[in-house]
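Have a look at the structure below before the remarks.
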Amino acid sequence: MAFMLSPGNEHDSVHAIPLLKQIDIKGSNILGDKAYGAQAIREYILSQEAAYTIPPKNNSKESWPVDWHTYKERHLIECFFQQIKWFRRIFTRYDKLDDSFLTFVYIAAITVLLK
C-alpha cells in the first residue's frame, strides 16, 4: 500500500504513474474510475505486466472492454478511505507539515486494516 500527497489544485490522475511506481504491480489488476483512463496510465500498467479495470469516459474516442463485475469491487477502496476519514486529525488536516500528515495517514491506514 502506498499513499502520495498532491496539491489540491492538481488532478489526482497526474500523479497516478509516480504512485504506481512506488509499488510492484506485476500480475495485479488495477481498479480505477474513469478519471484514470488516460492512455499513458493504461500503457504504463500494461508495460508492468498488470491488468486494469478502468471504464472509459463517456466522451472517449476509443472504447475498451470493462469487466463490470470486477469494477464493483472498487467500493472497497472507497469504504477504506471513508474509514480513514473517521480520524479527526486527518479530515481536519491539523498537521502543518506534509510529512507529519502523511505519517498519520499511514498510522490510520494500519489501524483500519488491523480492525
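Exactly one residue among 83, 22 is within 29 Å of residue 93 (Cβ to Cβ) and surrounded by 13 or more Cβ atoms within 10 Å (Cβ to Cβ), and that residue is 83.
Listed by first and then second residue, the pairs with beta-carbon distance under 8 Å, at least 6 apart or on different chains, first residue in the stretch 8-26 and closer than 12 Å to residue 40 by Cα, second in a helix (DSSP H, G or I), are 13/35; 13/36; 13/41; 16/36; 16/41; 17/40; 17/41; 17/44. State whether one or more residues within the stretch 51-72 are in a helix (DSSP H, G or I), surrounded by 11 or more Cβ atoms within 10 Å (Cβ to Cβ) and within 14 Å of the chain's Cα centre (by Cα). Yes: one or more hits. Pairs meeting the criteria (first residue in the stretch 69-93 and under 21 Å from residue 8 (Cα atoms), second residue among the hydrophobic types (A, V, I, L, M, F, W, C) and exposed (fewer than 11 other Cβ atoms within 10 Å of the Cβ), beta carbons under 7 Å, at least 6 apart or on different chains) are 85/91.
If the condition is being under 20 Å from the mean Cα position of the chain (by Cα) and within 19 Å of residue 8 (Cβ to Cβ), then the stretch 94-115 contributes 98, 99, 101, 102, 104, 105. Just so you know, in the stretch 65-115 the residues that are of a type in the set (Gly, Ala, Ser) and in contact with a Phe, Trp or Tyr (Cβ under 8 Å, 6 or more places away or on another chain) include one that is farthest from residue 35 (Cα to Cα), and it is 108.
Each value in this text was obtained by applying a stated rule to the coordinates, not by laboratory testing. Owing to the predicted nature of the structure, the values given are computational and were not obtained by experimental measurement. Here the Cβ is made from the backbone with ideal geometry for all residues, glycine too, and neighbour counts use every protein chain on show.
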